[in-house]
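Enquirer: Quick one: the structure is below, and I'll ask about it shortly.
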Amino acid sequence: MKKILAVFAMGLMMAALTSCGGHANSPEGVALAAAECMANKDIKGYMDLTNATDEQKQAYTAMLNEKLSKQLDEMEGISKYEVAPNGVEIDEEKGTANVKVNITYGNGETTTEKMKMVNKDGKWMLSADK
């Protein structure tokens, strides 16, 4: 029984350590990982999912730390997120995708966020381009 509990505890620790970094290499997987990072206010994890340069990451991180935390506090956090039905558009030729994610906040409000993706060297990432 102790061995089972130890294995279970190890699994929980690993899941916690990869909270928003462990995602499928697909537009949907990256979008859900990004939403999880936002829910956890994990700006570094979110930025690691982008194709932003180091300089862009620094600028975006400072902005997101201030704005995201304030917005999530006002909306009582994120309670649920999921890819919208028919919410994935992939252009294989261009190596781009758009993913719509429905986000439900703690106050009950729901929004749909459109996340732009780019496939760089076989890896899907959030696009830092506007």
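Enquirer: Give me the net charge for the shell around D48: Cβ to Cβ below 12 angstrom, other residues only, Lys and Arg +1, Asp and Glu -1.
Expert: Within the 12 Å Cβ shell, the charges total +1.
Enquirer: Quote to one decimal, in nm, the extra length available between D129 and T111 on full extension: 0.36 nm per residue of separation minus the C-alpha distance between them.
Expert: Taking 0.36 nm per residue and subtracting the Cα distance, the gain is 4.3 nm.
Enquirer: What does the accessible area of M75 come to, in Å² to the nearest 10, when a probe of 1.4 Å is used?
Expert: Surface accessible to solvent at M75 totals approximately 20 Å².
Enquirer: Which of K41/K80; K41/K67; K41/K100; K57/K94 have a Cα-Cα distance over 18 Å?
Expert: Violating the 18 Å Cα-Cα cut-off are K41/K100; K57/K94.
Enquirer: Here is a follow-up. With a sphere of radius 14 Å drawn around the Cβ of K94, what net charge do the other residues whose Cβ falls strictly inside it have (Lys, Arg +1; Asp, Glu -1)?
Expert: The answer is -3.
Enquirer: Want the number for E82 to Y60: 0.36 nm per residue separation, take away the alpha-carbon distance, what's left?
Expert: Between E82 and Y60, full extension yields 5.5 nm more.
Enquirer: In addition: Grab the other residues whose beta carbon is less than 12 angstrom from that of E28, score K and R as +1, D and E as -1, and report the net.
Expert: Residues near E28 contribute -1 overall.
The values are calculated or read from the model by the stated rules, or taken from the named source; none is laboratory data. Quick caveat, the model's predicted, so the values are computed rather than measured. Cβ atoms come from the backbone with ideal geometry, glycine included; neighbour counts cover every protein chain shown. Keep in mind that these areas ignore ligands, DNA and RNA; they rest on the heavy atoms of the full protein, side chains included. Shrake-Rupley method; radii C 1.70, N 1.55, O 1.52, S 1.80 Å.
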